[in-house]
Amino acid sequence: MAVRADLIVTGRIATLAGARGFGWVQAIAVGEGRIVAAGRRTTVGSLQGPATRRLDLGPHEVLLPAITDAHLHLTDAAVAGQRVQLDGLALEATLERLAALHQELLRAGDLDGWIEGLGWSIDQLGSWPEADALERVAPGRPIALWSHDLHTRWVSRAALAAAGITSRTPDPPGGSIAHDGQGQPSGLLLEHAAGLVDRAIPPLDEALLARAIAAYAARLAGLGVVGCHDPGGLAPDPDMERGPVQYARLAQAGRLPLRVHASVRPEQLDAAEGRGLRSAQVLGQGAARHADPVADRAGARARVGWLKLFADGALGSRSGALLSPYADRGGQGRLLLTPGELRGLIARAARIGIVPQVHVIGDRALRVALDALEAVPSARGGRVWARLEHVQLAAARDVARLRGLGVAASVQPAHLLHDAAMARRAWPRRQARAYRWGSLASTGIPLPFGTDAPVEPPDPWPGIATAVTRRLPDEARPFPGAEQLELARAIRAATLDPAVVAGEEGHGGRLTPGHRADFIVIPAEALAEPVRPGGALAGCRPRLTVMDGETVARAADFDR
Ligand SMILES: [Zn+2]
């Protein structure tokens with residue numbers, strides 16, 4: 001049978017064939033968006049026809065499979081630019097920025113429009129903030145500010161009033177409203193209570209949101225990212241109109257240079273069941289449609305992800321559930337679902353055909369989530385992997401259980417860059433049990449990497465480099481624990497493992513025949529060893545990004 005090649009690429013090409021290493025070849029051929037040959041230059045070259053384009057890489061370039069971000073909140077990341085950024089600011093600077101924004105809005109005639117922001121943390125502010133501080137700098141203005149870890153919201157009095165939150169408002173399941181000495185809401189909404197103000201915030205304009213998502217996807221393509229697993233949005237969306245349906249619409253309009261696996265939240269399970277959604281199915285307009293995974297092209301880029309559940313809170317808010325207390329602020333965090341509730345939700349999703357992904361930060365949350373997954377065998381073992389998100393602190397025996405149960409660990413190594421100081425304060429004697437990438441990888445389970453944008457920037461390269469060095473750019477020694485990954489293992493975690501957990505093995509993540517032609521060309525120095533913190537790998541910028549055989553991003557000076 002004659003195979004047609006639309007494109008032949010020669011040079012240093014990592015196919016990721018086999019179980020480890022880079023799987024280097026000299027050439028690949030692409031036909032109809034798929035890899036049709038990979039191997040020696042002469043063999044692949046025999047597929048050259050009159051219409052075949054050619055790309056001969058230089059000695060300073062290498063080609064890798066394109067990246068998929070296995071944990072990226074696409075809608076929230078896309079609109080983050082329209083919110084005030086408070087990262088790294090102390091209390092005074094935070095209030096100054098808000099005061100300036102409030103004055104600017106007043107001058108523009110906006111007396112009571114919402115200010116939304118994100119990025120503050122108790123470690124930067126020094127203590128938990130209150131509504132009164134906002135009242136002093138922006139009287140009467142409704143303000144809602146996400147903490148850096150997206151687990152707590154700091155809101156103003158006007159925001160509390162607009163959302164109807166009073167001293168008598170009960171805590172929602174898995175959340176709490178903080179109160180002052182008089183029993184009044186003090187301005188902090190913790191965990192699942194953070195969503196209480198959403199009903200009062202006017203929704204973003206549809207068209208504007210669609211433009212923001214399309215623009216963000218194009219930015220990701222420039223970073224070498226052609227896919228993401230979106231664990232869902234922060235705002236409640238029981239009908240799934242904002243994320244999944246919008247992605248499907250953009251994909252069908254050819255405006256999504258990104259494959260999205262959009263997860264379902266518990267409040268969306270009814271809608272998901274009504275629409276017959278199952279993990280890995282193609283999302284059409286308003287419903288899932290069945291499609292051959294081999295035939296998926298631009299129109300089928302939006303798919304159903306997992307059921308996203310929260311077992312616990314987060315480190316930044318000291319709400320991750322621990323087996324023993326936080327050293328700096330006390331307490332052992334909290335479980336956001338009882339073990340019974342967690343099991344029940346996993347079992348219900350399994351009946352529908354939706355595979356769970358469970359957010360676990362603390363070692364106690366990990367144990368509870370593993371117990372729940374163990375109790376529901378039908379939630380595991382299919383083509384799509386059940387997975388745990390973050391896994392920031394883990395006892396050795398629970399790491400071993402992951403393998404036995406066949407559960408993947410989705411980790412975000414860049415969290416170490418931001419959180420190392422906090423982890424040292426909170427877990428001074430447990431640092432070697434934190435961010436256990438090496439131990440997790442050695443069990444043989446998939447370890448898909450993500451950035452958790454907008455919690456961290458969407459650039460995948462600093463995280464990949466951190467997984468190899470386990471070191472911060474300004475520190476001489478690595479973070480405790482021999483948990484570094486080999487370079488090739490870290491590259492696989494960013495490219496192949498997301499495809500494996502999504503049930504796409506054989507279709508994506510490698511550059512061997514039959515796989516999608518999703519690849520990037522990067523400077524060869526990015527893969528030079530030893531990898532240094534803040535070095536060429538951390539600062540890598542792809543020269544070319546190709547998806548389904550088509551160029552979706554190209555550096556300004558890459559002219560081939
Ligand atoms: Zn997240």
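The values are calculated or read from the model by the stated rules, or taken from the named source; none is laboratory data. Note that the structure is predicted; figures quoted are calculated from it, not measured. Note: ideal-geometry Cβ built from the backbone for every residue, glycine included; neighbour counts use all protein chains shown.
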Regarding Ala214, is this residue surrounded by fewer than 19 Cβ atoms within 10 Å (Cβ to Cβ) and within 20 Å of Arg303 (Cβ to Cβ)? yes
Any residue at all in the stretch 87-97 that's within 21 Å of Gly187 (Cα to Cα), buried (at least 17 other Cβ atoms within 10 Å of the Cβ), more than 29 Å from the chain's Cα centre (by Cα) and without any contact (Cβ under 8 Å) to a residue 60 or more places away in the chain? yes
Any residue in the stretch 437-458 that is at pLDDT 95 or above and within 23 Å of Asp328 (Cα to Cα)? no
With respect to Ala441, is the statement that it is out of contact with any helix residue (DSSP H, G or I) (no Cβ under 8 Å at 6 or more places or on another chain) and aliphatic (A, V, I, L, M) true? no
Matching residues in the stretch 122-147 - criterion: being closer than 17 Å to Gly88 by Cβ and aromatic (Phe, Trp, Tyr): Trp146
Out of all the residues in the stretch 377-398, which are surrounded by 17 or more Cβ atoms within 10 Å (Cβ to Cβ) and assigned to a helix (DSSP H, G or I)? Ala379, Asp398
Since Val407 meets every condition but one in (1) in contact with a helix residue (DSSP H, G or I) (Cβ under 7 Å, 6 or more places away or on another chain); (2) under 21 Å from Gly21 (Cα atoms); (3) away from the ligand (no atom under 14 Å from the Cβ); (4) β-branched (Val, Ile, Thr), which condition does it not meet? (2)
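Condition check ((1) surrounded by fewer than 15 Cβ atoms within 10 Å (Cβ to Cβ); (2) under 24 Å from Glu504 (Cα atoms)) across all residues:
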| position | (1), (2) |
| --- | --- |
| Gly333 | no, no |
| Leu342 | no, no |
| Ile354 | no, yes |
| Ala375 | yes, no |
Of the residues Arg199, Arg259, which is over 30 Å from Ala133 (Cα atoms) and not aliphatic (A, V, I, L, M)? Arg259
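Give the stretch 254-282 a look and list any residue that's of a type outside the set (Ser, Thr, Tyr), assigned to a loop (DSSP other than H, G, I, E, B) and at pLDDT 85 or above, or say none. Walk me through how you get there before you give the answer.
Within the stretch 254-282, the subset of a type outside the set (Ser, Thr, Tyr) is 254-262, 264-278, 280-282.
The next check asks that each one be assigned to a loop (DSSP other than H, G, I, E, B); those that pass are 254-258, 265, 275-278, 280-281.
Once the filter is applied, which keeps residues that are of a type outside the set (Ser, Thr, Tyr), assigned to a loop (DSSP other than H, G, I, E, B) and at pLDDT 85 or above, the stretch 254-282 yields Leu256, Pro257, Leu258, Arg265, Arg275, Gly276, Leu277, Arg278, Ala280, Gln281.
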Close pairs (6 angstrom Cβ cut-off, 6 or more residues apart or separate chains): touching a residue at least 12 places away in the same chain (Cβ under 8 Å) in the stretch 207-218, among the small types (Gly, Ala, Ser) anywhere: Ala212/Ala78; Ile213/Ala78; Tyr216/Ala78
Regarding Val355, is this residue of a type in the set (Val, Ile, Thr), in contact with a helix residue (DSSP H, G or I) (Cβ under 7 Å, 6 or more places away or on another chain) and within 16 Å of the ligand (Cβ to nearest atom)? no
Filtered residues of the stretch 24-48 (kept if over 16 Å from Ala517 (Cα atoms) and either in contact (Cβ under 8 Å) with a residue 60 or more places away in the chain or of a type in the set (Lys, Arg) (or both)): Arg40, Arg41
Expected single match for of a type in the set (S, T, N, Q) and modelled with pLDDT under 90 among Gln285, Gln332 is Gln285
Those strands (runs of 3 or more DSSP E) lying entirely in the stretch 134-241 with at least 3 residues within 16 Å of the ligand (Cβ to nearest atom) and modelled with pLDDT of 95 or more: 225-230
Filter the stretch 378-389 for residues that are within 16 Å of the ligand (Cβ to nearest atom) and in contact (Cβ under 8 Å) with a residue 40 or more places away in the chain; the one that is nearest to the chain's Cα centre (by Cα) is Glu389
Where in the stretch 435-507 are there helices (runs of 4 or more DSSP H), lying fully within it, with 1 or more residues that are more than 16 Å from the ligand (Cβ to nearest atom), among the polar types (S, T, N, Q) and buried (at least 24 other Cβ atoms within 10 Å of the Cβ)? 461-469, 487-501
Please specify each residue of the stretch 1-26 satisfying the condition of being crowded, with 21+ Cβ neighbours inside 10 Å and more than 19 Å from Met547 (Cβ to Cβ). Val25
Exactly one of Arg424, Arg401 is closer than 22 Å to Asp497 by Cα, free of Cβ contacts under 8 Å to residues at least 60 places away in the same chain, in a helix (DSSP H, G or I) and basic (Lys, Arg), and that residue is Arg401
In this structure, does Ala432 turn out to be more than 16 Å from the ligand (Cβ to nearest atom), more than 22 Å from Ala70 (Cα to Cα), crowded, with 24+ Cβ neighbours inside 10 Å and hydrophobic (A, V, I, L, M, F, W, C)? no
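If you go through the stretch 161-205 one residue at a time, how many are charged (D, E, K, R), free of Cβ contacts under 8 Å to residues at least 12 places away in the same chain and farther than 27 Å from Thr338 by Cβ?
Start the filter on the stretch 161-205 by keeping residues that are charged (D, E, K, R), which leaves 168, 171, 180, 191, 198-199, 205.
If we keep only those that are free of Cβ contacts under 8 Å to residues at least 12 places away in the same chain too, we end up with 168, 205.
Then keep just the ones that are farther than 27 Å from Thr338 by Cβ; that gives 205.
Selection size over the stretch 161-205: 1.
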